[in-house]
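Have a look at the structure below before the remarks.
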2 protein chains.
Amino acid sequence: MIGTQPAPSRSEIAGLIRNEPVQARSAARLTALLDAAAAVIDEIGYERLTTAMVAERAGASIGTVYRYFPDRIAVLQSLSARNADRVTGRILSDIDDERHGDAMAALHGGIAALVDAFRSEPGFASLRFGDVLDLRPAEGSPAYAVLAERIIEALRERFGVAEHKDLPVAMESAIVAIDAIAARAFARDAGGSAAFLGHGPEISAQLVGEYLSAR
Amino acid sequence: MIGTQPAPSRSEIAGLIRNEPVQARSAARLTALLDAAAAVIDEIGYERLTTAMVAERAGASIGTVYRYFPDRIAVLQSLSARNADRVTGRILSDIDDERHGDAMAALHGGIAALVDAFRSEPGFASLRFGDVLDLRPAEGSPAYAVLAERIIEALRERFGVAEHKDLPVAMESAIVAIDAIAARAFARDAGGSAAFLGHGPEISAQLVGEYLSAR
DNA sequence: CCGCGATGATCGAGTTCCGCTCCGTCTCCA
DNA sequence: TGGAGACGGAGCGGAACTCGATCATCGCGG
């Protein structure tokens, strides 16, 4: 067995990693490698990322990269998993920390947090939730589905939103759609085209609005 | 100059191709190469496609692949351009050939045609309109924008939809969103999850419905 | 508190595989 | 039958990935 520490080491990233870090410096290495990958991606795109670039930028050797990741694709997947974790955290904290009057307002705050991540989370605009990478067979539930479930949970706790069998798929559809529109908004306009971004809240209202009245 | 034939050789694919085919067998080769690429993509995904695989499957040599395409990315881009052409054609013909009573019904027919392409157009589920490839600088307007413009045009001709400055972006947003949801619907379910697909028409009604009343 | 073995972590030269070129050969057409 | 179009495939360069030697850290017995 590995990692019997109380701290629940970063959720699903583990599955993509070869050797769980044991010593402290090792965890720092992993972070440095992912940071380096994010920087490279922001500069030249993930298609052109090479493992040598990642190694050099992290001040490590190629061997070290392959100590942590089975292959180049796994580096990208790990980064997108970390990004998904971080952005999910930002969205959830916006949803229940802010002073939102109702569930719809909270959800719109979450959308704003998602859009902001395109600007401020390194590599996010390219990789997003990783579901864009067409790796086969892609086991496990997609990051979108996890995010949808957690948003619903947060809204239920704070605003008493009722359960409904169609809500999870509706919420995931809204997230997928808004994420795609945001990607389009940032594709040609580094600041994010407001004309596209404006349709995000509209979609969420249409798809999940009917479920968000308090229980 | 190249290709002075009356037939307007496949729209924008040309720009990605090294040598326009002159002899008849050569055009067949090009088709075979793209068909082979589509088959490979459906099997192992475009990330893992190699030029050698394309050559072998098309019964050609590597040299022949590079006679037609400058590099591997161009193969993917050509295929997505061909797919975009074909699917755009299908959507437009559904919009104005069928017996739709109004613009909204016609648009929903177009959406159905798009969804159908995920099932029946080889390689489309992975590459779609090519905007998923993160090649830098990505010049030219995205295929989504072109499709949006042509749909608007078709609706205007048949149903007298009025011009509106916000309609192109709204239409493109709807297409991007529906395309993303369809991709999600087919990602885990080869037949396309109906629960996700059902949200397509809903989104189009929300985003462009207000513009679709006759002039 | 100090060795000191065991295990984790790192390095980088070497191997393999893939993208792509080059040029000799073959095919088509006038 | 000459010339241009089309094709094949060995070979080159570079990127992905391996592997065994070397260094760092930890735990433990003295």
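The values are calculated or read from the model by the stated rules, or taken from the named source; none is laboratory data. What you are looking at is a predicted structure, and each value in this text was computed from that prediction instead of being measured. Note that we place each Cβ from the backbone using ideal geometry, even for glycine, and neighbour counts take in every protein chain shown. We work out accessible area using only protein heavy atoms, side chains counted, and drop any ligands, DNA or RNA first. Shrake-Rupley method; radii C 1.70, N 1.55, O 1.52, S 1.80 Å.
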Worksheet entry | Residues (open to solvent by 40 Å² or more (accessible area, probe 1.4 Å) and over 15 Å from the mean Cα position of the chain (by Cα)) located in the stretch A:89-103 | A:96, A:97, A:98, A:99, A:101, A:102
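Each row is one residue, and each column tells you yes or no for (1) free of Cβ contacts under 8 Å to residues at least 40 places away in the same chain; (2) within 12 Å of another protein chain (Cβ to nearest Cβ); (3) open to solvent by less than 40 Å² (accessible area, probe 1.4 Å); (4) under 18 Å from the mean Cα position of the chain (by Cα).
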{"site": "B:152", "(1), (2), (3), (4)": "yes, no, yes, yes"}
{"site": "B:158", "(1), (2), (3), (4)": "no, no, no, no"}
{"site": "B:165", "(1), (2), (3), (4)": "yes, yes, no, no"}
{"site": "B:174", "(1), (2), (3), (4)": "yes, yes, yes, yes"}
Practice prompt. Return the total of residues in the stretch B:193-211 being more than 7 Å from every other protein chain (Cβ to nearest Cβ) and surrounded by 20 or more Cβ atoms within 10 Å (Cβ to Cβ).
Written response: 4
Fill in: the stretch B:49-79: number of residues that are among the hydrophobic types (A, V, I, L, M, F, W, C), within 14 Å of chain A (Cβ to nearest Cβ), within 9 Å of DNA strand C (Cβ to nearest atom) and assigned to a helix (DSSP H, G or I)
3
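Residue-by-condition table, conditions (1) at pLDDT below 95; (2) within 10 Å of DNA strand D (Cβ to nearest atom):
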| residue | (1), (2) |
| --- | --- |
| B:44 | yes, no |
| B:47 | yes, no |
| B:50 | no, no |
| B:54 | no, no |
| B:58 | no, yes |
| B:61 | no, yes |
| B:64 | no, yes |
| B:69 | no, no |
Worksheet item: Take the residues of the stretch A:16-35 that are within 13 Å of DNA strand D (Cβ to nearest atom) and surrounded by 14 or more Cβ atoms within 10 Å (Cβ to Cβ): which is nearest to the other protein chains (Cβ to nearest Cβ)?
Response: A:16
Item to complete: Inspect the stretch B:80-95 for any residue being within 14 Å of DNA strand D (Cβ to nearest atom) and within 14 Å of chain A (Cβ to nearest Cβ) and give the result as yes or no.
Response: no
Worksheet item: Among (1) within 14 Å of another protein chain (Cβ to nearest Cβ); (2) surrounded by 18 or more Cβ atoms within 10 Å (Cβ to Cβ), where does residue A:133 come up short?
Response: (2)
Discussion item. Whether any residue in the stretch B:112-127 is among the basic types (Lys, Arg), under 14 Å from the mean Cα position of the chain (by Cα) and surrounded by fewer than 17 Cβ atoms within 10 Å (Cβ to Cβ) is what I want to check.
Written reply: yes
